[in-house]
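Below is one structure; the comments refer to it alone.
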Amino acid sequence: MPISNETWAIVAATGLGPVLAVTITLWREKTSAIFNRRLHVFRTLMATRRMPISNEYAGAINLIEVDYAGTG
C-alpha cells in the first residue's frame, strides 16, 4: 500500500515544525541580545556624557568596538 503525498506532508510537518520553531527562537534571542548590548552601551554613553571620565564611560567606550563589529 503506497503512502499518499498528504501523509508525507504530515510527517514532514511533524518533524520539521519543532526544529524550525527552535531555530527561530534561538535567532530571535540572539538578535535581542545584540540589540540589548548595543542599547546598554548607548544608554551608558548618554548617561555619562556630561561627567568627567568615569569607569562606566570608559567601559562603554571599550565595548563599542566589540558590540558594533561588522556593522559599518
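The values are calculated or read from the model by the stated rules, or taken from the named source; none is laboratory data. Note that the structure is predicted; figures quoted are calculated from it, not measured. When we count neighbours, we look across all protein chains shown, and the Cβ atoms used for this are built from the backbone with ideal geometry, even at glycine.
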List pairs: first residue in region 58-69 and touching a residue at least 12 places away in the same chain (Cβ under 8 Å), second residue among the β-branched types (Val, Ile, Thr) and in a helix (DSSP H, G or I) anywhere in the structure, Cβ distance under 6 angstrom, at least six positions apart or on different chains. Ala60/Val41; Ala60/Thr44; Leu63/Val41; Asp67/Val41
If we ask which residues in region 55-72 are outside any helix (DSSP H, G or I) and loosely packed, with under 13 Cβ neighbours inside 10 Å, their number turns out to be 4
Specify the residue that is modelled with the lowest pLDDT; the eligible residues are those in region 22-54 that are surrounded by 10 or more Cβ atoms within 10 Å (Cβ to Cβ) and part of a loop (DSSP other than H, G, I, E, B). Ser54
